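Reviewing the structure listed below.
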Amino acid sequence: MVNTVYKTSKSPLDKEIPLAVLINERSASAAEIVAGALQDYDRAVLIGRKTFGKGLVQTTIPLSYNAQVKVTTARYYIPSGRCVQAIDYSRRGEENASVPDSLRQAFKTKNGRTVLDGAGIEPDVEVESPTFAPITFSLVARSHVFNFATAFSHKNPKIAGPREFQVSDALYEEFVEWLADKEYDYTTYVEKSLEDLEKYAKREQYFEEIEATLAALKEKVTHSKEQDLVTHKAEVKRALREEIISRYYFQEGVVQASLDEDEEIKKAIELLGDAPKMKTLLAAK
């Protein structure tokens with residue numbers, strides 16, 4: 001076994017300015033190593049969701065006939081001593097190859113906070129992943145939002161800047177009318193739950209006893225696409241806004257447009273303005 005320690009050759013520009021680092025399930029490899037190092041030194045508050053958990057290093061070895069093989073040759077360990085790797089490849093054939101909680105080891109940050117290895121980097125402040133209504137999923141998955149944005153861009157050579165452009169009520173009504181002859185049916189979460197309940201009731205022979213109740217519930221929760229377009233108007237408008245903006249300002253514009261509504265950014269701004277709260281989060285309990 002060979003251990004190699006990497007240290008920066010430059011002094012930090014600032015040791016005092018408050019830092020908030022945004023992480024989520026797409027933060028992997030170098031991103032989570034940097035975030036984890038900042039957490040280990042209690043230099044930044046991590047906000048968001050658990051990172052991907054890639055702590056392995058692969059080396060590519062050339063073979064005959066222009067072939068190659070990629071071999072895992074090392075693991076990354078961050079300052080506290082923990083490894084960010086989340087999947088145990090020695091258990092790869094099992095249904096869940098993640099490192100079980102019972103085998104995760106505890107380590108300490110510079111201030112004495114307890115942190116665990118074996119599952120990526122966990123945030124200091126968790127922000128739940130956004131969820132979307134079934135109607136929004138359906139409109140996006142069936143490319144109706146995409147196609148409407150394309151038609152809109154053909155008729156409008158330019159729009160306001162990414163952070164200024166908004167989908168007006170008039171434009172939304174135009175979208176609703178455009179959907180009139182389009183197919184986008186879906187099953188709501190409640191409808192799916194009732195379907196599952198009926199299936200298990202039949203399997204466990206309770207169905208006859210609750211059949212009338214189930215029928216009444218189904219009648220009450222049967223969704224209306226027209227009503228859902230009203231109920232989830234803000235959510236659908238956001239999807240439309242981002243898709244339209246992407247036609248003019250591409251992915252960079254979509255990122256700019258999302259800044260004002262991003263929950264992680266809102267939380268970071270809130271914490272950066274609350275020095276006592278930041279200090280509490282970085283202190284050992």
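Observations
- Extreme residue, modelled with the highest pLDDT, among residues of the range 183-195 that are more than 27 Å from the chain's Cα centre (by Cα) and of a type in the set (Asp, Glu): 183
- Helices (runs of 4 or more DSSP H) completely within the range 231-285 that count 3 or more residues being closer than 30 Å to residue 176 by Cα: 233-258
- Of the strands (runs of 3 or more DSSP E) lying entirely inside the range 1-98, those containing at least 1 residues that are open to solvent by less than 70 Å² (accessible area, probe 1.4 Å) and among the hydroxyl-bearing types (Ser, Thr, Tyr) are 56-62.
- Failed criterion for residue 170 (all others in (1) surrounded by 15 or more Cβ atoms within 10 Å (Cβ to Cβ); (2) free of Cβ contacts under 8 Å to residues at least 60 places away in the same chain; (3) within 22 Å of residue 246 (Cα to Cα) hold): (1)
- Residue in the range 87-106 that is closer than 26 Å to residue 279 by Cα and in contact with an Asp or Glu (Cβ under 9 Å, 6 or more places away or on another chain) present: yes
- None of 139, 194 is more than 24 Å from residue 261 (Cα to Cα), touching a residue at least 12 places away in the same chain (Cβ under 8 Å) and in a helix (DSSP H, G or I) except 194.
The values are calculated or read from the model by the stated rules, or taken from the named source; none is laboratory data. Please read all numbers here as calculations on a predicted model, not as lab measurements. Cβ coordinates were reconstructed from backbone atoms using ideal geometry, including for glycine residues, and neighbour counts include every protein chain displayed. Quick note on the areas: whole protein, heavy atoms, side chains included, nothing else; ligands and nucleic acids left out. Shrake-Rupley method; radii C 1.70, N 1.55, O 1.52, S 1.80 Å.
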